[in-house]
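Written out below as structure tokens is the structure these notes cover.
The values are calculated or read from the model by the stated rules, or taken from the named source; none is laboratory data. Here the structure is a predicted model, which means the values were calculated and not measured. Cβ coordinates were reconstructed from backbone atoms using ideal geometry, including for glycine residues, and neighbour counts include every protein chain displayed. SASA here: full protein model, heavy atoms, side chains in, ligands and nucleic acids out. Shrake-Rupley method; radii C 1.70, N 1.55, O 1.52, S 1.80 Å.
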Amino acid sequence: MFVHLRRVCIVLSALVVMSFPALAWEPQEKIATYSVRGGSGAELYKEIGRKGPVIGDGRRTVAHTTFKLTWRRDYQPRGDGSCVLAGAVPRLIITYTLPEAAGPLSPQLSASWKKFRAGLLTHEKVHGRHITEMVEMIQAMSIGLRAEADPGCQKVRAKLQGHLKELSDEQRARGREFDRMEMGQGGNIQRLILDLIRGP
């Protein structure tokens, strides 16, 4: 049975600060690894099933993508009693967790492993792009968000939270659909796994 890939999305959090100008931003990407050993592709994959990271439902996974998102938000009470979210700058850290082969590999197995791992990273980076696009949409939606009769800027915060849930749910659904295609019959991940197992 194939080990499934799943997303683990870290809860979004926000940090409110004083007024600041709109700033360009880029996501930070990191790679975390776990070690596997084996003298063949089948042995390496068996190690993945035994040592891969545990996801939320208690199963092991081959690879996964997590992220941490914080915000600097500028809420501005206005003279008419309203509140406007005048600025929002995200700090996004995306972490890809992948297997790393430890110990010497034959030239043939090394080539097979590199192809497998590169394919996993390509897959995970699509999820990273989905996450980045979600954050871009959150930023675009946030700036200028307004609530009337909100001198304490509480209504506009509640309004924002509703939008955040909608965009987060959309990103998760997008990730699940991408995984369904990639891991289904003839999908890229299935082919990568079969090539590794059938290889040297």
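Identify all residues within segment 123-146 that are out of contact with any His (no Cβ under 9 Å at 6 or more places or on another chain) and more than 15 Å from Gly175 (Cβ to Cβ); write none if there are none. Within segment 123-146, Glu136, Gln139, Ala140, Ile143, Gly144, Arg146 meet the criteria.
Can you spot a residue in segment 101-116 that is modelled with pLDDT of 95 or more and either farther than 30 Å from Asp195 by Cβ or β-branched (Val, Ile, Thr) (or both)? Looking through segment 101-116, none of the residues is modelled with pLDDT of 95 or more and either farther than 30 Å from Asp195 by Cβ or β-branched (Val, Ile, Thr) (or both). The residue of segment 129-152 that is least open to solvent (accessible area, probe 1.4 Å), among those that are among the small types (Gly, Ala, Ser) and farther than 17 Å from Lys165 by Cα, is Ala147. Contact map, segment 132-151: first residue touching a residue at least 12 places away in the same chain (Cβ under 8 Å), second residue of a type outside the set (A, V, I, L, M) and in a helix (DSSP H, G or I), Cβ cut-off under 6 Å, separation 6 or more or different chains; pairs are Met134/Gln171; Met141/His163; Ala147/Lys155; Ala147/Lys159.
Which one of these is of a type outside the set (A, V, I, L, M, F, W, C) and in contact with a strand residue (DSSP E or B) (Cβ under 9 Å, 6 or more places away or on another chain): Lys115, Lys125, Lys165?
Numbers: Lys115 fails: in contact with a strand residue (DSSP E or B) (Cβ under 9 Å, 6 or more places away or on another chain); Lys165 fails: in contact with a strand residue (DSSP E or B) (Cβ under 9 Å, 6 or more places away or on another chain).
Checking each option against the conditions leaves just Lys125.
Considering each of Ile193, Ile197, Ile189 in turn, give the residue that is open to solvent by 60 Å² or more (accessible area, probe 1.4 Å), of a type in the set (Val, Ile, Thr) and within 18 Å of Gly49 (Cα to Cα). Write out each step before concluding.
Details: Ile193 fails: open to solvent by 60 Å² or more (accessible area, probe 1.4 Å); Ile189 fails: open to solvent by 60 Å² or more (accessible area, probe 1.4 Å).
On inspection, the qualifying residue turns out to be Ile197.
All but one of (1) assigned to a helix (DSSP H, G or I); (2) in contact with a helix residue (DSSP H, G or I) (Cβ under 9 Å, 6 or more places away or on another chain); (3) among the small types (Gly, Ala, Ser) hold for Ala111; which doesn't? That leaves (2) as the condition not met.
Restricting to segment 55-73, name every residue that is open to solvent by less than 80 Å² (accessible area, probe 1.4 Å) and either over 27 Å from the mean Cα position of the chain (by Cα) or farther than 15 Å from Gly152 by Cβ (or both). Quick ask: steps written out before the conclusion?
Let us first name the residues in segment 55-73 that are open to solvent by less than 80 Å² (accessible area, probe 1.4 Å), namely 55, 58, 61-67, 69-71, 73.
Listed by number, the residues that qualify are Ile55, Gly58, Thr61, Val62, Ala63, His64, Thr65, Thr66, Phe67, Leu69, Thr70, Trp71.
When the residues of segment 153-186 are filtered to those that are more than 17 Å from Leu120 (Cα to Cα) and among the basic types (Lys, Arg), the one that is most open to solvent (accessible area, probe 1.4 Å) is Lys165.
Would you mind finding the one in Gly128, Gly103, Gly119 that is farther than 20 Å from Gln76 by Cα, small (Gly, Ala, Ser), part of a loop (DSSP other than H, G, I, E, B) and in contact (Cβ under 8 Å) with a residue 40 or more places away in the chain? Before you say what the answer is, go through the steps one by one.
Details: Gly128 fails: part of a loop (DSSP other than H, G, I, E, B); Gly119 fails: part of a loop (DSSP other than H, G, I, E, B).
Just one listed residue meets the conditions, Gly103.
Screening segment 33-54 for residues that are under 20 Å from the mean Cα position of the chain (by Cα) and free of Cβ contacts under 8 Å to residues at least 60 places away in the same chain and picking the one that is surrounded by the fewest Cβ atoms within 10 Å (Cβ to Cβ) gives Val54.
Entry remark, segment 80-97: residues being under 17 Å from His64 (Cα atoms), crowded, with 20+ Cβ neighbours inside 10 Å and in contact with a Lys or Arg (Cβ under 9 Å, 6 or more places away or on another chain) number 3 in total. I need the full set of residues from segment 106-128 which are surrounded by fewer than 18 Cβ atoms within 10 Å (Cβ to Cβ) and among the hydrophobic types (A, V, I, L, M, F, W, C), in order please. Result: Ala111, Ala118, Leu121, Val126.
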